[in-house]
Amino acid sequence: MSYNSNNNYNPYLQFSPVPASGNRPMGGICEMLNRCGKRVEDATRKAEAFADHVWHHLRVSPSFSDAAMAKLSQGTKVLTEGGHEKVFQQQFQILPGEKLLKAYACYLSTSTGPVIGTLYISTKRMAFCSDYPLYHYSPLGRQELMYYKVVVDLAQLRAVNPSMNRLNPSEKYMHIITRDGYEFWLMGFISYDKALKTLTDALQHVRDSSGGVLPF
């Protein structure tokens with residue numbers, strides 16, 4: 001179950017309750033990491049090649065330790081669930097004929113600060129989900145832990161604009177604009193260039209498939 005926020009209504013923004021089985025304590029995470037053993041070690045060795053990008057990615061968060069813990073939790077989830085495609089299916093469900101292309105670690109800019117999460121790019125949608133649940137007031141007025149999500153059909157995207165900080169070119173952003181005027185900023189990518197290419201290629205494929213005519 002998911003629902004849109006009542007405040008500042010945005011049709012692409014969702015808050016999804018945390019499944020009872022998914023709200024695991026740190027002891028459970030450590031236990032899963034121990035079981036993963038060599039798989040985690042192999043993943044860690046591969047990640048060393050991207051050390052500079054990972055460092056920049058974690059520094060975007062207001063809390064370095066919280067960001068590191070979020071990535072640890074997300075990485076554990078991907079390993080134990082069997083890959084990004086399984087996690088994507090659990091978080092967003094698969095549409096008929098849809099295939100996940102890639103998943104990228106990044107942040108979504110919000111009014112309360114950057115939210116660390118994962119950007120999923122499929123043949124039909126662009127979707128973001130926070131790596132950990134955040135406190136949010138439900139429609140019933142209760143404060144609950146919710147996953148912060150953004151889901152946009154590729155056919156509904158007007159533009160994907162690359163951008164960077166002129167004073168620090170290593171700080172790169174994606175400016176996402178929908179056809180009905182909503183905007184999103186993504187930042188702090190570990191693999192910015194690959195993510196930008198995957199999303200622009202997917203968007204171009206959708207446009208080519210429709211003969212270049214998409215609804216406004």
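The values are calculated or read from the model by the stated rules, or taken from the named source; none is laboratory data. The shown structure was predicted, so the numbers you read here are calculated from the model rather than taken from an experiment. Counting neighbours? That spans all protein chains shown, and the Cβs are built from the backbone with ideal geometry, glycine included. Just the protein is used for accessible areas: all its heavy atoms, side chains included, with ligands, DNA and RNA removed. Shrake-Rupley method; radii C 1.70, N 1.55, O 1.52, S 1.80 Å.
Residues in the stretch 124-152 that are under 30 Å from Val206 (Cα atoms), of a type in the set (Phe, Trp, Tyr) and at pLDDT below 90: how many?
At the first step, the residues of the stretch 124-152 found to be under 30 Å from Val206 (Cα atoms) are 124-131, 147-152.
Keeping just the survivors that are of a type in the set (Phe, Trp, Tyr) gives 128, 147-148.
Remaining after also requiring at pLDDT below 90: 147-148.
Summing the residues that are under 30 Å from Val206 (Cα atoms), of a type in the set (Phe, Trp, Tyr) and at pLDDT below 90 in the stretch 124-152 gives 2.
Give Leu95, Leu101, Leu119 a once-over and let me know the one that is more than 12 Å from the chain's Cα centre (by Cα) and part of a strand (DSSP E or B). Please lay out each step first, then the result.
Working: Leu95 fails: part of a strand (DSSP E or B); Leu119 fails: more than 12 Å from the chain's Cα centre (by Cα).
Within the list Leu95, Leu101, Leu119, the selection yields Leu101.
Being in contact with a Leu (Cβ under 9 Å, 6 or more places away or on another chain) and open to solvent by 40 Å² or more (accessible area, probe 1.4 Å) narrows it down to one of Leu145, Leu186, so name that one.
Values: Leu186 fails: open to solvent by 40 Å² or more (accessible area, probe 1.4 Å).
Selected residue: Leu145, the only one of Leu145, Leu186 that is in contact with a Leu (Cβ under 9 Å, 6 or more places away or on another chain) and open to solvent by 40 Å² or more (accessible area, probe 1.4 Å).
Determine which single condition Arg125 fails, assuming it passes every other condition in (1) under 19 Å from Pro11 (Cα atoms); (2) open to solvent by 70 Å² or more (accessible area, probe 1.4 Å).
It fails just one condition, (2).
Could you figure out which of (1) surrounded by 19 or more Cβ atoms within 10 Å (Cβ to Cβ); (2) at pLDDT 85 or above isn't true of Lys77?
All conditions are met except number (2).
Quick one: in the stretch 180-214, of everything that is under 21 Å from the mean Cα position of the chain (by Cα) and of a type in the set (D, E, K, R), which residue is farthest from Tyr104 (Cα to Cα)?
If we take residues in the stretch 180-214 being under 21 Å from the mean Cα position of the chain (by Cα) and of a type in the set (D, E, K, R), then Glu183 is farthest from Tyr104 (Cα to Cα).
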